[in-house]
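Here's the structure, in structure tokens; my notes come after.
The values are calculated or read from the model by the stated rules, or taken from the named source; none is laboratory data. These numbers come from a predicted model, not from an experiment. Methodologically, a virtual Cβ is constructed for each residue, glycine included, from the backbone with ideal geometry; neighbour enumeration extends over all protein chains shown.
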């Protein structure tokens, strides 16, 4: 198990959707912060089938995960939060020619998106919030296709490509039956733009991603700094003293 910047990377042996349910129940019992307006990408169509071709992600029905307001929507299925979904967050995929839906064989993930070899070594899912909003990433699952797979790096970047989370060395992604890796961010990664990037380097790697849980939040106004508050206090005191002298 590895920790970095408040995130937990852990192998898991339970079915991944059972893990989502268990985490939700723990949040209810323990009072952990949990997203309200949230979407989980499960890479299913509205009939519960996996997305068999990447055109289903970004062509036939529109982009999977884009501006989710309900489930099903435009032929796709999602898990959505108790207070709604993410209609103010758009989604985009950068490696459509080598990414597809897949049914089984990716550890214990069911109906995952898989990045096949033979194309660009990067898989990238970009989530972009509308002005006045931010997008927050809470968790996701990874697994190798028919066995463990090594990737060069896993990153979550903001819109300026600044890393919000990054592994420090090549990472082995479990892929044996009954296994996957869960990345759970105790403090959600938050920005106007989030890029989820898998860098396979020169490795012959087939990596699946599933159960991507993200939410939208209204962008908060920056709070006045302590220094500014102190200056405001001094100005107020000076005005009060001036009035007393008059």
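The figures follow:
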item: Condition broken by residue 57, with the remaining ones in (1) in contact with a helix residue (DSSP H, G or I) (Cβ under 9 Å, 6 or more places away or on another chain); (2) at pLDDT below 85; (3) part of a loop (DSSP other than H, G, I, E, B) satisfied; result: (3)
item: Residue selected from the stretch 113-135 under the condition modelled with pLDDT of 95 or more and surrounded by 24 or more Cβ atoms within 10 Å (Cβ to Cβ), by the criterion nearest to residue 153 (Cα to Cα); result: 127
item: Residues of the stretch 136-165 classified as within 30 Å of residue 104 (Cβ to Cβ) and in a strand (DSSP E or B), total; result: 16
item: Residues satisfying the stated conditions in the stretch 146-162, i.e. loosely packed, with under 15 Cβ neighbours inside 10 Å and under 23 Å from residue 128 (Cα atoms); result: 159, 160, 161, 162
